[in-house]
Amino acid sequence: MTTHPPLLAARDLKKHFTIKGGIFSREVDRVHAVDGVTFDISAGETLGLVGESGCGKSTTGRCILRLIEPSSGQIWFQGQDVTRLNGEALRAMRRDMQIIFQDPFASLNPRHTVGGIIGEALVIHGLAKNRHELDDRVAHLLETVGLLPDHRHRFPHEFSGGQRQRIGIARALAVQPKLIVCDEPVSALDVSIQAQVINLLEELQEKFSLTYLFIAHDLSVVEHISDRVAVMYLGRVVEIAPARELYDNPRHPYTEALLSAVPIPDPRLKRKRIVLQGDVPNPIRPPPGCHFHTRCPIAEPRCSQEVPLLERSSEGHWVACHLRR
């Protein structure tokens, strides 16, 4: 799906959470959180992953890192099948794949100093020979993300939300990863701070040749930072395209509806608002065929019976829709 060998490739990735009930705690149902996701990310690229809350974006990111075990499918990273790694091999792989969490208040241990939080990964992976080198590397990482070296002696509660997220970014950078999963890294921040963090992520990407999977629900933020964008709905990717192409020429009806809700700063410009009917279906029992057909304004009988494949519509533009090819 990309012109160069991908750094990361997900193939038919699925994650179903078991629901247990009864006195024997037997399986009574399953939540289809991720239901057959496929995409590639090339080295140095930023792939934006967008969709409504609960569509499976964060679960996809955590499955890629094996923070959550996928139910089935394959995840290839630098030619290795991540789903088959265990023990020391999995630990070595995690040095190359890191995550920035959504909530900067909950993702940092309040009992540890900033130096301890950032330096922990350096100790685990043996990247600092002694205490002096560890302190130097932590201080350098803090300067890299726009904080002061002396901040390593403070605790997380002494920082603002934006500063805490910078600490989280420094922690992710500590082991010199190749891929960083950014799980809604600015959604909990004020708008002005969001811009600072996005600019920082772009500067770090250029400086360290990083690759990002950028998960978000704010389409304007995704447009700014992403090279390509993948749109998810109820556990499936329904469209993938270069960012400018997706925003100028959306093919899937769901993508059109999402983009119609993005505010336009110029009051002279008008955009037709597409209001979807009904609610998002229950992921425990998703509808057959195309998951979107229950709310789609152009759905036909075929849509409720056949699952649309993610197929190429034009160069670099992929869409999963029977009626929009």
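Laboratory data are not the source of any read-out in this text; all were calculated from the coordinates shown. A quick note: this is a predicted structure, and the numbers were derived from the prediction, not measured. Cβ placement follows ideal geometry from the backbone for every residue including glycine, while neighbour counts extend to all protein chains displayed.
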Please state the equivalent ellipsoid semi-axes for the chain: what are the square roots of 5 times the Cα gyration tensor eigenvalues, largest first, in whole Å?
35, 24, 19
Given the options Thr211, Thr18, Thr144, state which has the largest fluctuation in a GNM of the chain using a 10 Å cut-off (strictly under) for Cα springs.
Thr18
Computed over the Cα atoms of region 242-284, what is the ratio Rg over Rh, Rh following Kirkwood?
1.05
So how far, in whole Å, is the C-alpha centre of region 142-157 from the one of region 1-40?
38
Could you state the principal axis extents of the C-alpha atoms in region 54-180, from the largest down, to the nearest angstrom?
45, 37, 23
To the nearest Å, what is the center-to-center distance of region 272-296 and region 197-237, using C-alpha atoms only?
25
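Among residues other than Asn249 whose Cβ falls under 13 Å from its Cβ, what is the net charge (Lys/Arg +1, Asp/Glu -1)?
-2
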Please give the contour-minus-distance gain from Arg273 to Asp135: 0.36 nm per residue of separation, less the Cα-Cα distance, rounded to one decimal in nm.
44.3 nm
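Counting residues in region 222-294 as N, plug N into 2.2 N^0.38 Å and put the Cα Rg over that result. Intermediate values should be presented prior to the final figure.
Details: Rg = 13.8 Å, N = 73, 2.2 N^0.38 = 11.2 Å.
The value comes to 1.23.
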Lys, Arg +1 and Asp, Glu -1 on Cβ, resulting dipole of the chain about Cα centre, debye, nearest 20
620
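For the chain, calculate the relative contact order in percent as a whole number, restricting contacts to Cα pairs under 8 Å that are 6 or more residues apart. Please report the intermediate quantities before stating the final value.
Numbers: 600 pairs, mean separation 64.1, N = 325.
Relative CO of the chain lands at 20 percent.
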Of the beta bridges DSSP finds with both residues in region 8-319, what % are antiparallel, to the nearest 5?
65
Where does each of Cys63, Cys296 land when they are ranked from fewest to most other beta-carbon atoms within 10 angstrom?
Cys296, Cys63
Those helices of the chain passing the 30 Å axial Cα length cut-off and the mean Kyte-Doolittle cut-off of -1.0 (DSSP H runs only) are none
Considering only lysines 8 or more places apart in sequence, or on different chains, count the pairs in the chain whose C-alpha atoms sit under 29 Å apart.
11
In the chain, which longest range has no chymotrypsin sites (Phe, Trp or Tyr not before Pro) that are both DSSP loop (not H, G, I, E or B) and surrounded by at most 16 other Cβ atoms within 10 Å?
106-325
